[in-house]
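Student: Here it is, the structure in full.
The values are calculated or read from the model by the stated rules, or taken from the named source; none is laboratory data. Computed from a prediction, not measured in an experiment: that's the story for all the values here. All Cβ positions, glycine included, derive from the backbone under ideal geometry; neighbour counts span all protein chains shown.
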Amino acid sequence: MDNWRLLPPYFLEYGLAMQQIRSFNHFVQSGIREILNAPSNKIIRTEIDTKFYIEFLDIRIGLPNYEEDMVTSSLVPNICRIRDLTYSAPIYVDVEYTRGSDIIRKQNAEIGRLPVMLKSAICSLEGKDELELQKLGECPHDPGGYFIIKGSEKVIVIQEQLSKNRILVERDVKHNICATLTSATAESKSRASVVLKSEKIYLRHNSFTDDLPISIIFMAMGIESTQEIAEIIGAGHSYPRSVYLSLSPLIANDIRTIKDALLFIGSRIRSRIMARGFFAPVKEKVAKSDTVIIKEAYDILDRVILPHVPMKKSKSRDYSEKITCLALMVRRVLNCAYKDAPLDDKDHYGNKRLELAGQLVSILFEDLYKKFIFQVKKQVEQSLERYIQSRSSGSDTTYPDTFRNLPHDIITRGMQSSLSTGNWNIKRFKMERSGVTQILSRLNYMATIGMMMRINSQFEKGRKVSGPRALSPSQWGFICPCDTPEGESCGLVKNLALATHVTNDENPQYLERLLYSLGLFPSKYVATRDLFDPRNWLVFLNGLLVGVHSNAELLMDNIRKLRRAGKIGEFVSIYCDDSSVYISSDGGRVCRPLIIVESGKSKLTNEILDQVIAGKLKLNQLLKGGILEWIDVNEENNLLIATKPNEITCKTTHLELDPFTILGIISGLIPYPHHNQSPRNTYQCGMGKQAIGSVGYNQFSRCDTILHTLVYPQKPLVTTRTVKLTAFEKLPAGQNAIVAVMSYGGYEIEDAIVINKASVERGFGRCISMKRMSVELKKYHTGSSDIAAPTNQLASNINYQGIESDGIVRVGHELSNDQIIVSKITQGQKITPVKYKQNTSSHLDRVIVTDTTSGCRVYKMMLRKFRSPELGDKFSSRHGQKGVVGLIANQEDLPFSSNGWVPDLIMNPHGFPSRMTVGKLLELVASKATVCTGIELDGTAFADPQMESIWKILLQHGFSPSGKELLYSGFTGEAIETYIFTGPIYYQKLKHMVQDKIHARGRGPRQLLTRQPTEGRSKDGGLRLGEMERDCLISYGTSNLILERLMLSSDVCRVMVCNKCGLIGYKSDCLYCKLSNSCVPIHMPYACKLLFHELQTMNIAPRILLTSSNDF
């Protein structure tokens, strides 16, 4: 049964970029209202006028539009790309406020603009069919899920974080066992740890100057009995010594009452003041009364320690739930220390949460919205103060309309700046992140898709730690095991697997009520000592203890039945571990769909599968019908999952859709990857994103900065199921080449390849390279502006070949270096023509004429180059076997078969033994069989390669099943003495081309400071002779060459050195010895002279000892 056929309908609703889009839709449709309805954000009041208020009633996002010449027009993405606009929509609020004694209501008041994600619910492309998308200049296969900021396409990279509000037991930097809990609420974040040091238990928090004994914390929270504290810390006989030692600080510090404990805590709080919304340390200590100290201690316990744990609303403070949470942390620490319970693995993917575009935009918007409210309140207070002052002075003034001039640019500029730079700086959460957004790759279609599924870890890339980089077993089916970069980002930048979905936040309140109806006993009615009764199972909801249950299996079974019936959220997960049941509905968890197995049989039958493919059943109906369900990482630990139907046993609970879904979207394109050495698949994931191919159906109307297009792209002869699930066959990135694996005169050694010149002339590896050149005609404050000069105003002494009447070179004209493209006349009738500055010629493909928002005319010219493969260009197969062109040989010199065909490409056989890319061998044989029959063969990972049927096909068509053939030498015409392994293989041309990298320099610019040649091809810089090159020249004894390279051709300078003191003088006089005519000229590198001067500023005097040349 082909269960993988479920994936096409899955991709329509959940796959590829849909999770980014669904996340953004969740923010737009509900998240933004939750921010508005928060108590601190909904109403603005002021002490100047106690009757005055501004209440925000509702908020919504309009459709994308832009205003020009006082006219508002609808906005589509292609216009934004062409005109360098931001694809955004207005944010409207309904507001009620007072104006004197009147209550005024306003609807659709604009407070800013929100960048719009393409293909989201508020995008103008939403719901458009293929024909309508083409009319709007969009490719129907474009995934969406990105933003357009000032004409540039930006994608928010998924961010990996540790889960919040969960207890994690680990060792700290001093190897003490500690239970850490990072609390996160809408208002703040806080991290508290319970630490075991010298058999005593302490609470650690950055608000305290030192770790505080846990017994004092419990007493401050209202537990005055030492016996009760002992029972909370560790009832039983497993660790009595630790319990006794943890109580000793009460006696040592003479703490007998709650007041004593509060004074002890309050005296150890770091002195802080509020400064611009964040805390700053106070340098001077100020004497405080006991009342103030107790108030500060209560404030820390209420709002800073475990702020996510709710407190009961009563007249007196009730810390019972916080006490329970601390008790759980203490128990976890003691169990790990004395009962050999395992520590938590921070790298386990159940302890991770992923932040998608919706969550990240939500955090940013809330921060900007608070700044907006603060600015509105400031403006209101200023208006009211002016009104009161004018009233007191007797002026007849009307009550001001305080909601007239809103600061729209706070939200608009803030959103644009963060999305443009990728910097998320939020002081409230002490969040400082960079690289959150990246420019969307448009090298090929699959590179674009791959960026939507990229995950970026916040772990520091420079640290050489293996733990966070290692491939964890918990990532099976959720994270691609192959797709990660090489180098310092290895294992930190990851990619989602094919069927992975990331959840959004779901309201847990209804789940809590449901649990009570299923027999849960609330924790607030259970004594803390009774929580740890072995007969009770602790039940946690999103990390928070909600109660105890006596029958965990029954509870879990009921929850799963409700989920499979669609009565609760489809992404709610439940699992048990260590006498506890954990239920999760929070966002950021990675889930994947699995087929439910009952009584040893899969619930997905062929009949149901056929109905889904025919469109009679939707994926949502399978989820609500108990056939499929979403499983997250933690719940997988309680399940037995079969990878294939024939592996199902009576104990199996679930079945994979298909084993290849553990791979990502890029690695899924590799044929037979399970026959390759692992690093080769990783290399291909990197090179597959660098392959030149087709970007989209609209690639010839796009105006990207650089755009490469393969002239004759082909779909591969051996495909995979991932190829079928994506648009890769319609937008491919490679060509099928006939490859001969043999030696050919040494030009193919060390990964070089030999290419058939006739194949190149037929179009193999040929590509179009497009580069954008923009010319802006500026407007000046005087009212004048630059113009493109018509032909009657051109100067006679300049070559204006190809310039037409509008002052622009004609389309299709061939441009060479220093040729004029635009004849530009600036302010004051000064002729400043724009010239083409490249060593190789180009053709002007097209000119786009548009205007900026400031009214300046802009010409965007696309320059076209046709590039055929040349020596040094880089190619790669789909198995990480890369190679550069070492020789382009004449067809008549290449080996040929008895049928007359000649290989397109020759590679060295030494590329196979050490790299073990058996998948490439299988692809060649399978591709040869495909050519014989015309039927594509499947090379999907973990599938049966069906080699016996391939051998039969080859034998039927007169080929050897081994893939080898008899070839004849192109030089002598004699048969080659060995059989040659030859056949078709899919090859990719990579973006690394000689024309973009070739660089040489005779003379050129120098750096102003060091007088050495500049660095880099773009600056016409020199070629660096580094330390290793220097050592090599020394080993050869080429001292004159070293002198010439490092000084004479670099930064030689003539300086005057004093004969007596050895310091550098001025002209013939020494400024230090005060002697005339004591200096002699010598030659040295200017950088050395500069170093000597800098050392002298540090009171170090380097002296040059001079010797007469006659002594040598």
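Student: Scan the range 27-35 and tell me whether some residue there is charged (D, E, K, R), without any contact (Cβ under 8 Å) to a residue 12 or more places away in the chain and under 30 Å from L354 (Cα atoms).
Tutor: Yes, the range 27-35 contains a residue that is charged (D, E, K, R), without any contact (Cβ under 8 Å) to a residue 12 or more places away in the chain and under 30 Å from L354 (Cα atoms).
Student: Residues that are loosely packed, with under 14 Cβ neighbours inside 10 Å, out of contact with any Cys (no Cβ under 8 Å at 6 or more places or on another chain), of a type in the set (A, V, I, L, M) and not in a loop (DSSP other than H, G, I, E, B): does the range 553-572 have at least one?
Tutor: Scanning the range 553-572, I find at least one residue that is loosely packed, with under 14 Cβ neighbours inside 10 Å, out of contact with any Cys (no Cβ under 8 Å at 6 or more places or on another chain), of a type in the set (A, V, I, L, M) and not in a loop (DSSP other than H, G, I, E, B), so the answer is yes.
Student: For the list (1) of a type outside the set (F, W, Y); (2) in contact with a Phe, Trp or Tyr (Cβ under 9 Å, 6 or more places away or on another chain); (3) more than 19 Å from V754 (Cβ to Cβ); (4) surrounded by fewer than 24 Cβ atoms within 10 Å (Cβ to Cβ), I need the number of the one condition that G883 fails.
Tutor: Only one criterion in (1) of a type outside the set (F, W, Y); (2) in contact with a Phe, Trp or Tyr (Cβ under 9 Å, 6 or more places away or on another chain); (3) more than 19 Å from V754 (Cβ to Cβ); (4) surrounded by fewer than 24 Cβ atoms within 10 Å (Cβ to Cβ) is unmet by G883, namely (3).
Student: Might you check whether a residue that is under 22 Å from the mean Cα position of the chain (by Cα), among the β-branched types (V, I, T) and modelled with pLDDT under 95 occurs anywhere in the range 675-692?
Tutor: Checking the range 675-692: not a single residue is under 22 Å from the mean Cα position of the chain (by Cα), among the β-branched types (V, I, T) and modelled with pLDDT under 95.
Student: Now for a separate question. Only one of these is surrounded by fewer than 19 Cβ atoms within 10 Å (Cβ to Cβ) and touching a Lys or Arg at 6+ places or on another chain (Cβ under 6 Å): T826, T850. Name it.
Tutor: T850
Student: Any residue at all in the range 232-254 that is modelled with pLDDT of 90 or more, farther than 30 Å from R589 by Cβ and surrounded by fewer than 22 Cβ atoms within 10 Å (Cβ to Cβ)?
Tutor: no
Student: Among the residues of the range 1075-1083, is there at least one that is under 54 Å from the mean Cα position of the chain (by Cα), outside any loop (DSSP other than H, G, I, E, B) and either basic (K, R) or closer than 19 Å to P1013 by Cβ (or both)?
Tutor: yes
Student: Test of understanding: among I44, I59, I35, which residue is outside the structural domain of F728 (by TED's automatic domain parsing), under 30 Å from G151 (Cβ atoms) and not in a helix (DSSP H, G or I)?
Tutor: I59
Student: I'm trying to understand the selection: among the residues of the range 954-977, which are touching a residue at least 40 places away in the same chain (Cβ under 8 Å) and polar (S, T, N, Q)?
Tutor: Once the filter is applied, which keeps residues that are touching a residue at least 40 places away in the same chain (Cβ under 8 Å) and polar (S, T, N, Q), the range 954-977 yields only S969.
Student: Give I798, I821, I848, I808 a once-over and let me know the one that is modelled with pLDDT under 85 and closer than 23 Å to E776 by Cα.
Tutor: Only one candidate qualifies: I798.
One line per residue, one yes/no per condition, for (1) closer than 30 Å to T853 by Cα; (2) crowded, with 17+ Cβ neighbours inside 10 Å; (3) of a type in the set (S, T, Y):
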{"position": "F24", "(1), (2), (3)": "yes, yes, no"}
{"position": "I32", "(1), (2), (3)": "yes, yes, no"}
{"position": "N37", "(1), (2), (3)": "no, no, no"}
{"position": "R45", "(1), (2), (3)": "no, no, no"}
{"position": "F56", "(1), (2), (3)": "no, yes, no"}
{"position": "E67", "(1), (2), (3)": "yes, no, no"}
{"position": "S73", "(1), (2), (3)": "yes, no, yes"}
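Student: I'd like the full set of residues that are in contact with a Pro (Cβ under 8 Å, 6 or more places away or on another chain) and surrounded by 14 or more Cβ atoms within 10 Å (Cβ to Cβ), limited to the range 502-543.
Tutor: Once the filter is applied, which keeps residues that are in contact with a Pro (Cβ under 8 Å, 6 or more places away or on another chain) and surrounded by 14 or more Cβ atoms within 10 Å (Cβ to Cβ), the range 502-543 yields L541, N542.
Student: Need the failing condition index for P833 against (1) closer than 16 Å to V809 by Cβ; (2) out of contact with any Ser or Thr (no Cβ under 6 Å at 6 or more places or on another chain); (3) without any contact (Cβ under 8 Å) to a residue 60 or more places away in the chain; (4) of a type outside the set (G, A, S), just the number.
Tutor: (2)
Student: Name the single residue that is farthest from H308 (Cα to Cα) among those in the range 512-552 being of a type in the set (K, R) and not in a loop (DSSP other than H, G, I, E, B).
Tutor: Checked the range 512-552; the qualifying residue farthest from H308 (Cα to Cα) is R529.
Student: Just give me the residues in the range 197-220 being within 16 Å of C336 (Cβ to Cβ) and buried (at least 22 other Cβ atoms within 10 Å of the Cβ), in sequence order.
Tutor: I201, Y202, I214
Student: Name the pairs: first residue in the range 1022-1043 and closer than 16 Å to P1085 by Cβ, second residue surrounded by 12 or more Cβ atoms within 10 Å (Cβ to Cβ) and polar (S, T, N, Q), Cβ to Cβ under 9 Å, at least 6 apart or on different chains?
Tutor: Sorted first by the residue in the range 1022-1043, then by its partner, the pairs are G1022/Q1012; G1022/T1014; G1022/S1049; G1022/S1050; L1025/S1050.
Student: Mind checking which residues of the range 362-401 are in a helix (DSSP H, G or I), free of Cβ contacts under 8 Å to residues at least 40 places away in the same chain and farther than 30 Å from P115 by Cα?
Tutor: Hits for the range 362-401 are Q382, S383, R386, Y387, Q389, S390, R391, S392.
Student: Can you tell me which residues in the range 854-878 are over 32 Å from the mean Cα position of the chain (by Cα), of a type in the set (A, V, I, L, M, F, W, C) and over 30 Å from V723 (Cα atoms)?
Tutor: The answer is C856, V858, L871.
Student: Let me ask something additional. Can you find even one residue in the range 584-597 that is over 15 Å from W630 (Cβ atoms) and out of contact with any Leu (no Cβ under 6 Å at 6 or more places or on another chain)?
Tutor: For the range 584-597, residues over 15 Å from W630 (Cβ atoms) and out of contact with any Leu (no Cβ under 6 Å at 6 or more places or on another chain): absent.
Student: Further, regarding this structure: Taking the range 519-570 only, how many residues are at pLDDT below 90 and either touching a Leu at 6+ places or on another chain (Cβ under 8 Å) or among the charged types (D, E, K, R) (or both)?
Tutor: Final tally of qualifying residues: 7.
Student: Among the basic types (K, R) and within 30 Å of T185 (Cα to Cα) - does that describe any residue in the range 400-421?
Tutor: Checked against the condition, which is being among the basic types (K, R) and within 30 Å of T185 (Cα to Cα), the range 400-421 yields at least one hit.
Student: Another one. Keeping to the range 588-604, report how many residues are of a type outside the set (A, V, I, L, M), touching a residue at least 24 places away in the same chain (Cβ under 8 Å), closer than 22 Å to N620 by Cα and surrounded by fewer than 21 Cβ atoms within 10 Å (Cβ to Cβ).
Tutor: Of the residues in that region, 3 qualify.
Student: Answer yes or no as to whether I177 is in contact (Cβ under 8 Å) with a residue 40 or more places away in the chain, of a type outside the set (S, T, N, Q), crowded, with 19+ Cβ neighbours inside 10 Å and touching a Cys at 6+ places or on another chain (Cβ under 7 Å).
Tutor: When the stated conditions are applied, I177 passes them.
Student: Okay, moving on. List pairs: first in the range 220-231 and part of a helix (DSSP H, G or I), second of a type in the set (G, A, S), Cβ under 7 Å, 6+ apart or cross-chain?
Tutor: If the second residue must be of a type in the set (G, A, S), the pairs left are A220/A261; A220/A297; I229/S215.
Student: Related question: Give the number of residues within the range 999-1021 that are under 30 Å from Y744 (Cα atoms) and touching a residue at least 60 places away in the same chain (Cβ under 8 Å).
Tutor: Adding up the residues that qualify gives 0.
Student: Quick one: count up the residues across the range 1022-1058 that are surrounded by 15 or more Cβ atoms within 10 Å (Cβ to Cβ) and of a type outside the set (G, A, S).
Tutor: Qualifying residue count, the range 1022-1058: 13.
Student: Could you check how many residues of the range 896-918 are hydroxyl-bearing (S, T, Y), surrounded by 13 or more Cβ atoms within 10 Å (Cβ to Cβ) and over 25 Å from G763 (Cβ atoms)?
Tutor: Qualifying residue count for the region: 1.
Student: Given the condition over 30 Å from C685 (Cα atoms), modelled with pLDDT under 95 and of a type in the set (D, E, K, R), answer yes or no: does some residue in the range 976-990 qualify?
Tutor: yes
Student: Could you please find all residues in the range 965-987 being of a type in the set (F, W, Y) and in a strand (DSSP E or B)?
Tutor: Within the range 965-987, Y968, F981, Y986, Y987 qualify.
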